[in-house]
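The values are calculated or read from the model by the stated rules, or taken from the named source; none is laboratory data. As the structure is a computational prediction, the values presented were derived from the model and not from experiment. Heads up, the Cβs are rebuilt from the backbone with ideal geometry, glycines too, and the neighbour counts pull from every protein chain shown.
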Amino acid sequence: MDALLSSLVSIAFHGVAYGMVLYVISVGLSVTMGLMGFVNLAHGVFAMAGGYILTSSLGRFALPFPVAVGLAFLLVAIGSMALERGLYRHFYGAGELEQVLFTIGLIFMAVAIAQLVFGTLQQPVALPPWLKGQFPLLGRDFPAYRVFLIVVSGAMIAALWFGVERTLWGAMVRAAVDNRAMAQSIGINTRQLFALTFALGSGLAGLGGALGAEIIAVQPTYPFEHLIYFLTVVSVGGLGSLRGPFVAALFIGVSDTACKYWLPQFGAFFIYAATIAILLWRPTGLFGTRV
Amino acid sequence: MKVARILTVVVALFSVVLFTGHSVSAQTVKVGFISTYSGAGAPQGDQLDKGFKLFMKLNGDKLPPGVKVETIVRDDTGPNPETAKRIAQELIVRDKVQFITGVLWTPNAAAIAPLTAEAKIPFISANAAGVAIPYASPYFARVSFTLWQACYPLGQWSAKKFKRVYTAVSDFAPGHEAEEAFTKAFKEGGGEIVGAVRIPLANPDFVPYMQRVKDAKPDAVFSFIPAGKQATAIMKAYGDLGLDKAGIKFIGPGDLTTDDELQGMGDVALGVITAHHYSAAGDRPANKAFVAAYKKEYGEKLFPGFFVVGAYDAMELVFHVIRELKGKIDPDRAMEVIKQYKNPSSPRGPIAIDPETRDIVQNEYLREVRRVGGVLANVEIETLATALKDPWKQLHPKK
């Protein structure tokens, strides 16, 4: 009984932590794809950029960890604004196929550039001592880094939810997404609004890449390798909602961990089988309003 | 008309004289070198290439008078047997090479081996370690290693140290070979395998597996995971969950902590115990000279891993055969020379080719990852086995 309880606590904790990693790296995509309706497959590029900014500022410039994380968010957000103005905005009205082809092309270019600049080996993450080792709680040890991830992601989802659901900016974004022409006609500057929203989504991706760098290795093929997880989280959660991807990430994290723990021989399949089952049951995702 | 005919005959005769004269004064041996220069396997392919180029730079002129070596380099693009077979065919038919060497991947070597049996081309694997490949061609020989060579003695050693071991390997052929070799030796020595898990190759989170290992309370966890981000991730999970503090040792073949990727792994790798035939930190004089030459050529911060040594020793063997045969390569005589090959001072220590199986005979060392002079190193702490033949072939002789 004690062993069962202990393993349940372990699974819940590791599952939530893994879910949070999935959520932080995917939340940016749920902003650009869910709110703006743009199929940005190059999302992982921004996450990877955040990861590289973190590892370089920790390793090469020896900056403190919180500063490095902040830099990852800021620099990626600013860089993405330039991309948005120069490239992305031309595709807002385009079909999904054009958006997919365009963003896949961006991935190829980003992979080649990352290989050229950083080489093919993964980047070491020089974590500060307070994030290493274990964190004792209620007589059990929990990995400190994962505790930190859960706390930070929890704060992030609260802030994001508040911003979109409870502020004027959130109301304007939702209005512009639902009916751009009408939003413009009542005086909302949708051009500026979308640029800012896009920067926020990409900045969050950079933040996710930075926070998750210790668990999801930063190396040039990052945007391709993890695309499947971003898309799974966003599609299972449902487009046009912020709480959907959160619930989806938690669900996938916990059930994947449980399956790997109890039935390791089936561990690899579970995440995909569950995705297919959920999408068959609800094609719009758990909380989605549109396909 | 008549003049023209006479002229033709004269020219023909003259050119025959010229041609034979040419072949007496300069004998050119063609060597095909196959590695991976593009795709996800390019970092390992680059290591193989560096070993090959280093050998050519340092020893490319150590030939009998009048003999020249021409190398032809090809890219197999990754674990891709169809491409490997096609480029090997081109090397044999069009370029008329007399040796094939290089080859990172087992499936590629397995696709090339039957061709070399048919065309009678000596084929020396500089890396591909699939244990049964030598049985596919009598013209195949290997200077690299097999996973049995590392994992079998590690299992024997572990049986004296530990009672209960959990195995966790990547779910692909090398992982299965490592698991089988270790398990057999460990059980023969009286050890108990308390659990075995095979982990999918594309797996972002190792924590659930490591938690499972921790809850089984073994004395050690044996693992084979390809070096790089996967191996780093499993070591991080091992450290994060405090398996080290729970008294569980992390052991495996040297593929886990290759010398070139070790620096990127960071402190999580400290204390990992591996068995392997080569470490850049080995203190043999031949190795010190080799590492110094490598650093001089490619940069102070780089370390040669076992891929580099494999390619270097493969070229050493090719050149040895060329010297023995004075540049006149007859495939069967070449194989006779290869079967008698002994090199007392490879960077990894003494090596030889087993005449029965044409596989490598070498020492296996037990190493621990330690910090030496500010960098991580696989420090050799004891010699597990000397002049070890591939244990799998001793158990499974060719009928």
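Structure values in brief
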quantity	calculated
Residue check, residue B:97 modelled with pLDDT of 95 or more, assigned by TED's automatic domain parsing to the domain that holds residue B:308 and in a loop (DSSP other than H, G, I, E, B)	yes
Meets criteria (buried (at least 17 other Cβ atoms within 10 Å of the Cβ), out of contact with any strand residue (DSSP E or B) (no Cβ under 8 Å at 6 or more places or on another chain), more than 27 Å from residue A:123 (Cα to Cα) and not acidic (Asp, Glu)) for residue A:213	no
Any hit, region A:120-128, residues being without any contact (Cβ under 8 Å) to a residue 24 or more places away in the chain and either surrounded by fewer than 12 Cβ atoms within 10 Å (Cβ to Cβ) or part of a helix (DSSP H, G or I) (or both)	no
Conditions (1) outside any strand (DSSP E or B); (2) in contact with an Asp or Glu (Cβ under 7 Å, 6 or more places away or on another chain); (3) buried (at least 21 other Cβ atoms within 10 Å of the Cβ): number failed by residue B:337	(3)
Qualifying positions in region A:236-256 - surrounded by fewer than 20 Cβ atoms within 10 Å (Cβ to Cβ), among the hydrophobic types (A, V, I, L, M, F, W, C) and in contact (Cβ under 8 Å) with a residue 60 or more places away in the chain	A:250, A:251, A:254
Failed criterion for residue A:41 (all others in (1) touching a Ser or Thr at 6+ places or on another chain (Cβ under 8 Å); (2) over 20 Å from residue A:173 (Cβ atoms); (3) part of a helix (DSSP H, G or I); (4) away from chain B (no Cβ under 13 Å) hold)	(3)
Evaluation of residue A:282 against (1) at pLDDT below 85; (2) more than 29 Å from residue B:172 (Cα to Cα); (3) among the charged types (D, E, K, R) (one fails), failing number	(1)
Of all residues making up region B:210-244, the number that are more than 20 Å from residue A:133 (Cβ to Cβ), in a helix (DSSP H, G or I) and within 7 Å of another protein chain (Cβ to nearest Cβ)	2
Extreme residue, nearest to the other protein chains (Cβ to nearest Cβ), among residues of region B:168-200 that are crowded, with 20+ Cβ neighbours inside 10 Å and under 12 Å from residue A:264 (Cβ atoms)	B:197
Qualifying positions in region B:33-56 - touching a strand residue (DSSP E or B) at 6+ places or on another chain (Cβ under 8 Å) and buried (at least 24 other Cβ atoms within 10 Å of the Cβ)	B:33, B:34, B:35, B:36, B:45, B:48, B:52
Boolean, residue B:160 is in a helix (DSSP H, G or I), within 28 Å of the chain's Cα centre (by Cα), free of Cβ contacts under 8 Å to residues at least 60 places away in the same chain and more than 14 Å from chain A (Cβ to nearest Cβ)	no
Filter result for residue B:227 (in contact with a Ser or Thr (Cβ under 9 Å, 6 or more places away or on another chain) and either buried (at least 19 other Cβ atoms within 10 Å of the Cβ) or of a type in the set (Gly, Ala, Ser) (or both))	yes
Count of residues meeting criterion [more than 11 Å from chain A (Cβ to nearest Cβ) and either polar (S, T, N, Q) or assigned to a helix (DSSP H, G or I) (or both)] in region B:245-268	4
Exclusive hit being touching a residue at least 24 places away in the same chain (Cβ under 8 Å), within 12 Å of chain B (Cβ to nearest Cβ) and in contact with a Leu (Cβ under 9 Å, 6 or more places away or on another chain), set A:17, A:68	A:17
Residue tally, condition touching a Pro at 6+ places or on another chain (Cβ under 8 Å) and either modelled with pLDDT under 95 or of a type outside the set (Val, Ile, Thr) (or both), over region B:117-129	4
Enumeration of residues in region B:362-378 that are in contact (Cβ under 8 Å) with a residue 40 or more places away in the chain and farther than 22 Å from residue B:147 by Cβ	B:370, B:371, B:372, B:375, B:376, B:377
Residues being away from chain B (no Cβ under 14 Å) and out of contact with any His (no Cβ under 9 Å at 6 or more places or on another chain) - total across region A:193-230	14
Residue check for residue A:147: in contact with a Ser or Thr (Cβ under 7 Å, 6 or more places away or on another chain) and aliphatic (A, V, I, L, M)	no
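Table: residues versus (1) in a helix (DSSP H, G or I); (2) in contact with a Phe, Trp or Tyr (Cβ under 8 Å, 6 or more places away or on another chain); (3) surrounded by fewer than 22 Cβ atoms within 10 Å (Cβ to Cβ).
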| site | (1), (2), (3) |
| --- | --- |
| B:303 | no, yes, no |
| B:311 | yes, yes, no |
| B:317 | yes, yes, no |
| B:323 | yes, no, yes |
| B:326 | no, no, yes |
| B:350 | no, no, yes |
| B:355 | no, no, yes |
